[in-house]
Amino acid sequence: MNSWWIRPLVRLVAAALLPVAVPGILTALIWALPGDPASIICPPAICGGTEELAEKWNLHQGPWHFFSTWMKAALSGDLGNSWRMQPGVPVVELIAESVPWTAALVTMAFIPLVLGATGAASRWLSDKLDPLIRLVGLTPSVVLALLAAAAVTIHYGANAYDDDAMRVKILLGALTLGLADAALSGAVTGVRGLMEEERKQRYVQIAILRGESVLSNTLPNVLPAIAGQMRARLLHLLSGAVIVEVVIRIDGLGDLLWQGTLTQDFGVVLASAFAFAILSAVLLLGQALVEIGVALHVRRSPKGVPA
Amino acid sequence: MMQNHKLLLSLSVVVGTLALSTGSTLNFYEESLPSSMNPMFAQSMVDNRVHELVFDRLYYFDPITNELTSRVVERWELADGGKAVKLFVKKGIRWQDGEALGADDVCFTINAMLDEGTPSPIAEKQRAVFSGCEVESKDTAVVQFTQIFHNPLNQLGFYVLPEHKFESTAIQPDDAFSNRPEGTGAYSGSMGRRGVTFGAKKNAHHEPRIGQLSLQEGGDPLVQVRTLLNNGVQGIVAVPPPYRADVSASDELSLKSYDLRSWWFVAVNQDKPYLKDKRVRQALNLILDRTDLREKSIGVKPGEQNSPCEFISGPFVQTSPYYNRSIDVQPRSDLEQAFVLLEQAGLTQTGGRWHYKGQPITLRIGMKAPLNNEAPDLLSQIGNQLSAGGFDRQEFRITVDDWNRQVLTGEAEDYDMVVGKWSFGLVEDVNPLFHTRNGGRGALNIFNYTNPQVDALLAQYQSAKTDTQARDAYHKLHEKLDDELPYLFLWKLDTKSAWRTEVRGNTIAPYYYWTAVDNWKYSP
Amino acid sequence: MSRWYWTGLGLAAMGCVLIPGFFAPEHLSPSDLSMAYSSPGAAPPFGTDSMGRPLLEYALQGSRVIALPSIVAGLVVMFFAVIGGLIACTGSHRLEAITRAFGELLGALPRMVVVLIVALLMPPEDRSLYPIAISWALLAAPGAMDEASAVAARLGGARFVEALRAHGFSRFRIYLWHIVGLNLRPVVARQGMETLMQVVFLEIALSYLALQDTQPSFTHGDSEMSWADLLYMGYQAFLEVPTWHAMQLGIGLVALVALATVCVGRAVRPR
């Protein structure tokens, strides 16, 4: 039985579940943290009103009550106010001002990955450069990030949050993210490996003999795998963005998540995780659609490519 | 004609300078971002300083004359046989959004503090002082106390909040006011993720000359000082001691004293069986070599003149009238004497390590994490000295949250010792630190220290009717604590700010810092 | 170069990184201000810090912090990679679908935050790299499982097993030797080494962030030093503090870990 639809279906289901599951899992985890935000602001030993505050913040009836109340409100667009990170500021505002920075950072970091993958697939990027790319990729992102932070601090000082400085930070951050932790090297070597394996297949040799292009024959077959690789790279970039944003001090989603976790600002943590989960879900959806598209194309194709 | 040109030129220079002054931004580094812009939820000195810019306290000590005065109260009268004061609010003062300040705002603030729905330790403390407030007229409020105070105005040092900005007296920490406050102070403030910006607000009682202030989170002290030297910022509120030499060496910077009355201590957990005996605590006191600690962590060499760091033997700074000069400090260790005391207390030494009832003692020492910036490596230096004294040790840095939640509330029972710092304003009330924790008293008693004699002395201070009585009570307290040693007192450390010389008239008020900010001038 | 060359070099590099940790002192030496900021020439082998304490002790303590937890994390990932490869050879679509769905979910979690929360859960006296390393390994496992199952799928999956069964080999031998030993070995070993390297870098990153934010360490007790302390010291060299030797040592240690990973990868690459 042809089971080509199983993978994309699994991805679609996972994409649908992610925005709920990720905040849910995080709620369970942060509930286990010692103390709670209400008792940090108003320690019961020296302050009355802790219980009322906990009730106001839905902390009084366990993690499920908190999560379900938060989820209901979140689905109607209400993410509440920040409790501790920036008390009184609507979380929606914090997310809205963070997402563009992370998007800029990750997009710019993704560009060299796309170029590298394209170069590797089409062979215009010579494999003689692979050792150099791998060497750079071995550098941990924290090392490059701290060098970047030093450069910004020395040059800009207290103006390190002006527009000019932020642009430089994004650029340096993107370079860090894109090059360190095997981001670029993984994209290049991964795609190159995939394409070279595919090129060895007999049907490709036959296609060459027939005068057809290699890419038009191999691409439909490797596209799902490439899409999967690039999705993994993007997720890797999103994860690495937390370190880069915190070290270089970029006001992105990763930094928001980090600060929210340190201050036990549950609303901020869940909202940021929600945003991350949606991004991941979109990527999963994209990959599933690519797989479906390729499978349909292959099924309709008369060129003898295996369905 | 030429004369007119010269006049015009001079005028334009003057106007330009003024414009520069009022339009310029004064950037400075603080120790951290404030936790909230709402004074009801202040948790740190940073919060206090920030609130001083945005709000007015009902009464404050003038930093120059040291007199208790008010910017918002015209005059006052005793009422209700001394259990209340009638305050006459000045006319013409406006909130930063243009609304008029009145007696209703004063009473609203007091009622908010009394409201059980306001989850604030500050409010909780004030519930022991105030019993209510009545608005007699638009500008007259009658503030009622829970008891007769011999200096009632001293109790009115709280910040006034605007009634029209809140829906009820139950103020919540996540209210929008905590980020975009409205005060009657010299500056309006707005907190961002990386800093706080303050805009000058002229008022009947404030006329700030600097157009904008910008507070930024300090981070690495070395980076702060370098940035200051490069004119990336114009000031640092608290320069850690190891970096003061760099600041002093520059002609473009000046180091200014910030009277914070801070003293450092090591609190000892007397609930631990091996620390119950005061001879053990006295031995620990003798094991510590304060001179060595000071040299390695603060950078003050032995015998240095005009040291910013003076040893203390009790819970006051040496310049305080409450400090008992007859109690000597212990600048150097005395291991021999320490070992004698430990043996007398029943501890035994095996393999160079002290044992209690056959079990080796490992001392768990914690320190509030941000203090490492001011005294780098102090925790490990203390650990080294205790190790040299024959104790194994484990060192812990305690986050600010855990410090507030556990240490200050007496729930840090896992630690044997914690290193910390207290800061006081002109009123050095140490009752909350040493009184037995009950009924709101002893609210900051770290290890729930309890001693009836100490409680009696603290009560004596509380009920003192004159300064002499208060001083006598605290002198005896100092003597008692030197014997009991719930704390090993380390030193008082001067706090210094660094400002570029382009900033003039920058009088720094004790404790609150910005009280005289109206006189500050900045011409870049 | 021969496989044995890479194996030897890799093991030597790993040995230099991991073994010294077992000889690390419990606490740093007492301070000696007269030796502050000494270069490696004045205070061999690696110079001293601002208190005159040898940087060698930083390196040793850092090695102790990372040694066993990173090895454990590597082994966890290797285990899951083997499981992923074996599942692909069972021919069970349901099992594959469940594994994939679970992997997608795990893979979508923001790793740094999960790791941070796990770190914050530990009581101060129990802070160590283990829970973080294992969490990271679990979050990285889906990727390793994917790659291993892709390799197994290229072999032919269940049909490969059938073919070997037809030759008379037992299932046990087929799974353990033919599949895992001969075919999955390169990807499993490489994934394990990469996870080890990632955990080391993760420890450095978390410790650095804790230093930067004046937080207690997430990965080790506060009486111990990490390699991140070397990098943090080295960062100050940009601000004219004489700590370049600390930066060099820190980067050198990082390079040693990377070298070990590359060498092992080369040693186990498919013929």
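The values are calculated or read from the model by the stated rules, or taken from the named source; none is laboratory data. Just so it is clear, the structure is predicted and the values come from calculations on it, not from any experiment. Counting neighbours? That spans all protein chains shown, and the Cβs are built from the backbone with ideal geometry, glycine included. Side chains are part of the model used for accessible areas, which takes the heavy atoms of the whole protein and leaves out ligands, DNA and RNA. Shrake-Rupley method; radii C 1.70, N 1.55, O 1.52, S 1.80 Å.
Key figures for this structure:
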{"read-out": "19 Å cut-off, amide nitrogen to a point 7 angstrom out along B:His355 Cα→Cβ, residues in region B:240-279", "value": "B:273-275"}
{"read-out": "Long-range HN-HN contacts of B:Leu26 with modeled amide H, under 5 Å", "value": "B:Gln212, B:Leu213, B:Ser214"}
{"read-out": "Placed amide H near B:Asp494: partners under 5 Å, 5+ positions off or other chain", "value": "B:Cys309, B:Glu310"}
{"read-out": "10 Å Cβ neighbours from other chains, averaged over peptide A:244-251", "value": "2"}
{"read-out": "Antiparallel content of DSSP bridges confined to region B:262-493, in %, to 5", "value": "65 percent"}
{"read-out": "Cysteines without a disulfide-compatible partner [the protein assembly as shown; Cβ-Cβ under 4.7 Å]", "value": "B:Cys309, C:Cys16, C:Cys89, C:Cys263"}
{"read-out": "In sequence order, calculated HN-Hα J values of region A:128-138 (Karplus, 6.51, -1.76, 1.60; Hz; x Gly/Pro)", "value": "5, 7, 4, x, 5, 5, 5, 4, 4, x, 6"}
{"read-out": "Ellipsoid equivalent to the protein assembly as shown - semi-axes via the Cα gyration tensor, in Å", "value": "57, 35, 29"}
{"read-out": "Cα-based Rg and Dmax for region A:32-178, where Dmax is the largest Cα-Cα distance (Å)", "value": "22.5, 69"}
{"read-out": "At 1.002 mPa s and 20 °C, Stokes D of region B:98-216 from Kirkwood alpha-carbon radius, µm² per second", "value": "135 µm²/s"}
{"read-out": "Average accessible area per residue (Å²) across region C:65-147 - probe 1.4 Å, nucleic acids and ligands excluded", "value": "36 Å²"}
{"read-out": "1.4 Å probe accessible area per residue over region B:421-523, in Å²", "value": "37 Å²"}
{"read-out": "In order through region C:220-236: 3J(HN,Hα) via Karplus (6.51 cos²θ - 1.76 cosθ + 1.60), integer Hz, x for Gly, Pro", "value": "7, x, 6, 7, 9, 10, 10, 4, 5, 4, 5, 5, 5, 5, x, 4, 5"}
{"read-out": "Ranking by accessible area, most exposed first, for B:Asp401, B:Asp259, A:Asp163 with a 1.4 Å probe", "value": "A:Asp163, B:Asp259, B:Asp401"}
{"read-out": "Heavy-atom accessible area per residue - region B:105-176, 1.4 Å, Å²", "value": "40 Å²"}
{"read-out": "3J(HN,Hα) from dihedral phi, region B:356-370, Karplus parametrisation 6.51/-1.76/1.60, rounded to Hz, x for glycine, proline", "value": "10, 6, x, 9, x, 9, 10, 7, 9, 10, x, 9, 4, 3, x"}
{"read-out": "Area buried, chain A against chain C - accessible surface, total, 1.4 angstrom probe, square angstrom", "value": "3800 Å²"}
{"read-out": "Protein accessible area in region B:58-173, 1.4 Å probe - carbon and sulfur %", "value": "46 percent"}
{"read-out": "Nearest-0.05 FRET efficiency for B:Ala245 and B:Phe149, computed from C-beta distance (R0 51 Å)", "value": "0.70"}
{"read-out": "Mean Cα-pair separation over length for region B:209-259, i.e. relative contact order, pairs under 8 Å, 6 or more apart, %", "value": "27 percent"}
{"read-out": "DSSP-assigned coil residues among GluC sites (Glu not before Pro) in region B:152-239, each with at most 16 further Cβ atoms within 10 Å", "value": "B:Glu167"}
{"read-out": "Volume per residue that the Cα convex hull of chain C spans, once the total is divided by residue count, Å³", "value": "146 Å³"}
{"read-out": "Relative frequency of Cα-Cα separations exceeding 29 Å in region B:262-493, percent", "value": "25 percent"}
{"read-out": "Low-density loop cleavage sites - GluC sites (Glu not before Pro) in region B:33-74, where at most 13 other Cβ are within 10 Å (DSSP)", "value": "B:Glu67"}
{"read-out": "Convex hull volume per residue in cubic angstrom - Cα atoms of region C:219-270", "value": "96 Å³"}
{"read-out": "Centroid-to-centroid separation of region A:171-236 and region C:68-87 [C-alpha atoms, Å]", "value": "26 Å"}
{"read-out": "Rounded percent of accessible protein surface that carbon and sulfur make up, chain A, 1.4 Å probe", "value": "65 percent"}
{"read-out": "DSSP loop trypsin sites (Lys or Arg not before Pro) with at most 12 other Cβ within 10 Å: longest gap in chain A", "value": "A:1-199"}
{"read-out": "Entries of B:Lys276/B:Lys421; B:Lys165/B:Lys368; B:Lys357/B:Lys476 with Cα pairs more than 30 Å apart", "value": "B:Lys165/B:Lys368; B:Lys357/B:Lys476"}
{"read-out": "Sparsely packed chymotrypsin sites (Phe, Trp or Tyr not before Pro) within region A:68-153, loop by DSSP, other Cβ within 10 Å at most 11", "value": "A:Trp124"}
{"read-out": "Convex hull volume of chain A per residue (C-alpha atoms, cubic angstrom)", "value": "166 Å³"}
{"read-out": "Placed amide H near B:Leu363: partners under 5 Å, 5+ positions off or other chain", "value": "B:Asp392, B:Arg393, B:Gln394"}
{"read-out": "Gyration tensor (alpha-carbon) shape descriptor, chain B, a/c threshold 1.5", "value": "oblate"}
{"read-out": "Estimated buried accessible area (total), pair B and A, 1.4 Å, Å² to nearest 100", "value": "2900 Å²"}
{"read-out": "Computed helical MRE - 222 nm, chain B, DSSP H runs ≥ 4 contributing -39500 (n - 2.57), nearest 500", "value": "-7500 deg cm²/dmol"}
